[in-house]
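Single-structure report; data block below.
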Amino acid sequence: MPAQSFAHRRPTATGGPTARPLGAGANAGLYGRVSTTDQNTDNQLVPLRAFASARGWTVIEFTDVASGARERRPGLDELLNAVRSRKVDIVICAKLDRLARSTHHLVTLAKEWEALGVDLIVLDQAIDTTTPTGRLLFHVLAAIAEFERDLIRERVKAGLARAKAKGVKLGRRPKLFSQERLAELRRDGASIGRIARELHLSRATARRRLHQVLLDLPAART
């Protein structure tokens, strides 16, 4: 199996009647992901194709060979672009961990798709947002994700408060450099770009430090 992701259209045979709101001819984006090249996405895609075929949906397949920890994946990016351009009406995958890297990532995807009118079916876990039960599940997941973010935010704030109480200076340490060398370079007519390169500073930092040095020079001479 190639290491690159791919996307292609595969017309499916028309199946029997379905109780889903989506009728025959709807576009279903099937997503499969494996972690290594010695694995095959067909193990995931075969039942997804059968599910879509039974409902008369046209299949567009997207696959990745990538770690699930990566939020950005070529096949997933292609799927998202297809959803946003309204080329996909429903997304189907085998398991949630094939699609999203975290609860927050999953809820972010689901919220965007809901706003676009695109549903999600997770076959092996019986999740289907075209049903009231499926939508309720995602509302619960969204609440859990928001609770997790609030906990993290409170822990960070508490940690910063403890550090400040102990007199710890927060933020990045300023880069050390020679003010005398900075002033010397300026007297020699060096450009901001040359000063930044020689002192290993960004252009913005070099400009800011030079301004400060120039302000301090009159005070130093008095």
Review point. What are the residues whose amide H is under 5 Å from the amide H of L120, where those residues sit 5 or more places off or on another chain and H is modelled from the backbone?
Key: V91, T129, T130
Check your understanding: Which of the GluC sites (Glu not before Pro) found in the stretch 33-87 are in a DSSP loop and have at most 15 neighbouring Cβ atoms, other than their own, within 10 Å?
Key -> E71
Study note, to complete from the structure: For the stretch 50-62, Karplus-derived ³J(HN,Hα) couplings (6.51, -1.76, 1.60; θ = phi - 60°; whole Hz; x for glycine and proline) come out as 5, 4, 5, 4, 5, 9, x, 8, 7, 9, 10, 9, 10
**Study point:** Table column - 3J(HN,Hα) (Hz), the stretch 179-185, Karplus curve with 6.51, -1.76, 1.60, x for Gly and Pro
**Key:** 5, 5, 5, 4, 5, 5, 4
Point to revise | Cross-link partners of K95 among lysines (Cα-Cα below 26 Å; sequence separation of 8 or more within a chain) | key: K87, K111
Check your understanding: If we count other beta carbons within 10 Å of each Cβ, what is the order of S85, S102, fewest first?
Key -> S85, S102
Check your understanding: Using the Karplus equation 6.51 cos²θ - 1.76 cosθ + 1.60 (θ = phi - 60°), what ³J(HN,Hα) coupling, rounded to whole Hz, does each residue of the stretch 87-98 give in order, writing x for Gly and Pro?
Key -> 8, 10, 9, 8, 10, 10, 9, 7, 9, 4, 6, 6
Check your understanding: How do 34-44, 119-129, 87-97, 105-115 rank on mean C-beta neighbours within 10 Å, highest first?
Key -> 87-97, 119-129, 105-115, 34-44
Review point. Under 5 Å between amide H atoms, partner at least 5 residues away or on a different chain: which partners does L30 have, H built in plane at 1.01 Å?
Key: I60, E61, F62, I92
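We did not get these values from a lab; they are worked out from the coordinates using the rules stated. Keep in mind the model is a prediction, meaning the values are calculated, not measured. For neighbour counting, all protein chains shown are included, and Cβ atoms are generated from backbone atoms with ideal geometry for every residue, glycine included.
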